[in-house]
1. Between residue 410 and residue 320, what length comes free when the chain is fully extended (0.36 nm per residue of separation minus the Cα-Cα distance, one decimal in nm)?
2. Residue 333: net charge of surrounding residues, Cβ under 13 Å, Lys/Arg +1, Asp/Glu -1, itself excluded?
3. Can you list residues whose amide H is under 5 Å from residue 52's amide H, if they're 5+ apart or on another chain and H is modeled 1.01 Å from N?
4. Residue 88 to residue 433: FRET efficiency via 1/(1 + (r/R0)^6), r the Cβ-Cβ distance, R0 41 Å, to the nearest 0.05?
5. Give me the one-decimal nm value for the distance between modelled label points at residue 115 and residue 101, 7 Å along each residue's Cα-to-Cβ direction.
6. Can you tell me the FRET efficiency between residue 25 and residue 276 if r is taken as the Cβ-Cβ distance and R0 is 41 Å, rounded to the nearest 0.05?
7. List the aspartates and glutamates whose Cα sits under 19 Å from the Cα of residue 81, skipping any in the same chain fewer than 8 residues away.
8. With each run of n ≥ 4 DSSP H residues scored as -39500 (n - 2.57), what mean residue ellipticity at 222 nm is computed for the chain after dividing by its residue count and rounding to the nearest 500 deg cm²/dmol?
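Every number here is computed from the coordinates shown, using simple stated rules; none is lab data. Remember, it's a predicted structure, so these values are computed and weren't measured experimentally. Cβ atoms come from the backbone with ideal geometry, glycine included; neighbour counts cover every protein chain shown.
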Amino acid sequence: MSLLRDPLTHLTDARERYGDAVTFRVGPFRFVALADPALAQHVLVRNHRNYVKSRSYEGLRLVLGQGLVTSEGEHWRKQRKLAQPAFHRQRLAALADTMGACVRETVDGWERRADPAIDVHAEMMALTLAIVARTLFGTDLAEDGGTDLRALGPAVTVALHKANEHAESLIRLPLWWPTRSNRRFAKAKRLLDDIVQGIIERRRRSGEVRDDLLGTLMAATDEDGGGGMSDAQLRDEVMTLFLAGHETIATATSWTFMLLHQHPEIAARMREEATRVLGGRTPGFDDLPQLPYTGQVIDEAMRLYPPVWIVERQALAPDQIGPWHVPKGTIVAVSPWLMHRHPELWPDPLRFDPERFAPGQLGERAKLAYLPFGAGPRVCIGNHFALMEAKIILATVVQRFAIAVDDPASIRLEPKVTLRPEGGMKGRLQRLA
Ligand code: HEM
């Protein structure tokens with residue numbers, strides 16, 4: 001069925017033909033795709049209590065357990081409250097230097113390379129993995145008895161592959177079924193669990209309080225007197241932040257580099273801003289407000305290439321969404337992909353134009369026409385973290401390198417849990433004098 005094979009084209013065609021709410025049958029499921037901000041507002045915000053995450057999230061649940069992305073109800077509410085302080089402004093400020101150090105290491109590595117050919121997406125995956133690992137665990141990974149970061153990357157890849165495969169299949173074999181894919185997944189999952197569990201146990205034993213994300217999560221106590229997180233909950237939350245917090249930013253920055261390559265005048269303006277404000281330095285937290293154009297570029301890149309291209313829910317009870325009646329059990333998809341490229345919401349929607357996000361421009365737009373981080377109570381908890389990280393990466397890289405992406409027109413989109421460039425994004429580093 002072409003909705004499963006090529007969802008982006010299929011959804012776009014359907015919206016053009018039938019309008020902003022389109023119903024499909026996917027196997028035994030009724031599926032409604034929405035591309036209207038008011039309808040999205042209804043599902044994600046106003047009547048959110050009538051919806052839970054759809055069965056597509058069950059793939060992620062295999063890896064993330066009952067973490068924030070995949071849990072529901074009272075458990076989710078309590079966890080969200082416990083995790084929220086880890087993302088407060090002053091906590092993020094403390095993480096900016098760690099992010100900057102990781103970016104510098106990557107860019108220094110590029111300077112030592114003899115061969116300028118790179119895979120931009122693979123580089124961004126490695127960098128954002130290093131950042132999330134270090135902001136979560138601080139120095140634990142490097143210490144004696146700690147774990148080699150290099151072991152994490154391949155295990156994460158296998159786990160995400162399984163989550164995607166599971167999410168997409170209409171018929172799911174149980175995990176104990178001895179297929180090759182299940183065996184590989186079980187091994188990768190064991191490795192990830194052991195790493196995370198090991199770090200939590202060492203922390204608990206040492207009694208040391210640290211100011212990385214894990215330290216903040218461990219120190220969190222519920223004001224209602226419900227106590228902090230158990231080790232099992234901590235494990236699920238750590239795994240959740242680990243996975244939610246890196247591939248999303250890797251795809252966002254990769255697409256941004258491609259767009260900058262295609263629009264040299266925008267790249268030049270961004271480079272001018274970074275050089276003027278930073279003079280070759282990596283930005284610290286206090287520099288970030290001085291880089292507004294860089295922020296606009298990232299916002300606009302995520303409009304055209306939203307890393308999370310679809311947000312799905314399932315109706316607990318019948319609902320009326322605008323003029324449409326939705327029976328219980330319907331899967332309702334709000335698609336940032338459709339919304340962000342909708343010609344009635346964005347004039348000349350396919351043009352890359354960071355001016356759309358210039359100060360004063362945002363007010364006119366229909367609420368929720370732009371939703372890269374979702375909306376309502378389940379909005380991304382890491383949105384400020386992500387924007388800060390993307391700014392630090394881009395402002396550092398553009399001062400030292402231009403990246404020429406090979407034949408951008410031939411790069412195919414691969415809409416998995418995130419919107420990836422299929423087969424990676426080949427390019428060449430061009431060192432700036
Ligand atoms: C450009 C980067 C990112 C994008 C585009 C993004 C997008 C999203 C979206 C659309 C959702 C809502 C999903 C839904 O409603 O079904 C979400 C939820 C979430 N994101 Fe992000 N995200 C990004 C980065 C991050 C980072 C850096 C972290 C953590 C370090 C993170 C952690 C989470 C968590 C924990 C949730 C679940 C929140 C809840 O349900 O309470 N994300 N993200």
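1. Numbers: separation 90, 0.36 × 90 = 32.40 nm, distance 4.16 nm.
Value of the extension gain: 28.2 nm.
2. Details: positive: 15, 30, 53, 55, 313; negative: 20, 36, 312.
Taking every other residue near residue 333 into account, the sum is +2.
3. Amide H to amide H, under 5 Å and 5 or more residues apart or across chains, residue 52 pairs with 314, 316.
4. Values: r = 41 Å, r/R0 = 1.00.
E between residue 88 and residue 433, to the nearest 0.05, is 0.50.
5. Reported label-point gap for residue 115 and residue 101 is 3.1 nm.
6. On the way: r = 55 Å, r/R0 = 1.35.
The value I calculate is 0.15.
7. Cross-link targets: 72, 211, 212, 222, 223, 224, 231, 236, 237.
8. Numbers: 16 runs with 216 residues, N = 433.
Rounded to the nearest 500, it is -16000 deg cm²/dmol.
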